Amino acid sequence: KIIRGILDSPSRLPQFPPNPTTTNQESVTDMSFTVPEPSVSRLNRCELAVPGSSPHMFEKAAKSDADVIFLDLEDAVAPNDKPKARQNIIEALHDIDWGDKVMSVRINGLDTHFMYRDVIEILEKGGERLDLIMIPKVGTASDVYALDMLATQIETAIGRKKKVGFELIIETALGMQNIHEIAAASKRNESLHFGVADYAASTKARTTSIGGPNPLYGVLTDPAEDGSRDFHWGDMWHYAIARMVVAARANGLRPIDGPFGDFSDPDGYIAHGNRAAILGCEGKWAIHPKQIPLANDIFTPAEKEIAKARRILEAMEKAQKEGAGAVALDGGLIDIASIKQAEALVTQADIIAARTKK
Ligand code: GLV
Ligand code: MG
């Protein structure tokens, strides 16, 4: 890779922890002695939520264009329906052709008496088709540690071939406070998710719709000459999402934006998805099939961006040959940092192209 050439030989780049073999992602050269180790690389543009108590929705979900599906045992399932939902999910993991979907199950929180049985039943009987367990309301690194211990015991006992990965929902004030330790708590961790609905409840934020804006959250401009003033709406979730992106990226995980409740408002979904993508998120939840194409569109790099990224790589390769570290392209400056961004974008575009060709 070009960046390797520019930075001299790869052996000069310190690797701690050592480069993993389990990932197809280029490891990031962050110029610190500590290099974040990327988790298993997966497309995660749209993560579709499907209640485990609604098996009639499973076939349609399997045929959808979502990259990841989580079958829910938590908040979409009433307490009395939990045992049946577990059974539905176990059967569906075996019987339904999920194609190349990444399959996840959202278990109940660690403060409930449902959780231990969720993990034991799903991991013992769910088979090898299950890729991930989604842990809601993670509050401390010990929550993840406890689940890692349980999963490890079960996998060893039943001789499971695949190690199940973890998706962690950050959706409480405690979880947001401890997010950096949580992100680093297990090698099974793959992604952090912003659970805006529970987060609002936990922080007592004033919201009017799940994941949407509050029209009262904004600023007033100074008066113009005619005395008029404009009100600019703000994004009340900015801090939470930006903090999650930092914790995720510093630990090699995917940051994923959570639900947008009003599924009859595609424009609202697109606006919120775009701002999450711009901050660095790789995907967003869909709580309704209508939201799937919107997420896929938002998190698939546009042709124009890909073409520009390829031109940046070409220009930098030429610069490298000429011994320059930075060059001008289209009237702007590009340098070594531009290569990292361009390579990440081109890699993502190639993975998407490979998947959608099938
Ligand atoms: C998701 O679980 C949320 O609470 O938003
Ligand atoms: Mg929640």
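Side notes on the structure shown:
- Full-extension gain in nm, Gln153 to Ala344, via 0.36 nm per residue minus C-alpha separation: 65.1 nm
- Label point distance in nm, Glu91-Lys125, each placed 7 Å from Cα along Cα→Cβ: 1.1 nm
- Remark: the chain carries 50 Å² of accessible area per residue (probe radius 1.4 Å; ligands, DNA and RNA excluded).
- Rounded percent of accessible protein surface that carbon and sulfur make up, the stretch 157-227, 1.4 Å probe: 56 percent
- Calculated FRET value between Asp111 and Arg311, using beta carbons and R₀ = 41 Å, to 0.05: 0.20
- Loop-located trypsin sites (Lys or Arg not before Pro) across the stretch 48-154 with a Cβ neighbour count of 16 or fewer within 10 Å are Arg129, with loop assigned by DSSP.
- Ile89 - accessible surface, heavy atoms, 1.4 Å probe, Å² rounded to 10: 0 Å²
- Overall form of the chain per C-alpha gyration tensor (a/c, 1.5; a/b vs b/c): oblate
- Longest DSSP-loop-exposure-free segment, GluC sites (Glu not before Pro), the chain, at most 13 other Cβ within 10 Å: 1-127
- Label-point separation in nm, Asp100 to Ser228, each point 7 Å along Cα→Cβ: 5.2 nm
- Counting only heavy atoms of the protein chains and using a 1.4 Å probe, His272 has close to 30 Å² of accessible surface.
The values are calculated or read from the model by the stated rules, or taken from the named source; none is laboratory data. Just so it is clear, the structure is predicted and the values come from calculations on it, not from any experiment. Methodologically, a virtual Cβ is constructed for each residue, glycine included, from the backbone with ideal geometry; neighbour enumeration extends over all protein chains shown. For accessibility, only protein heavy atoms count, side chains too; no ligands or nucleic acids. Shrake-Rupley method; radii C 1.70, N 1.55, O 1.52, S 1.80 Å.
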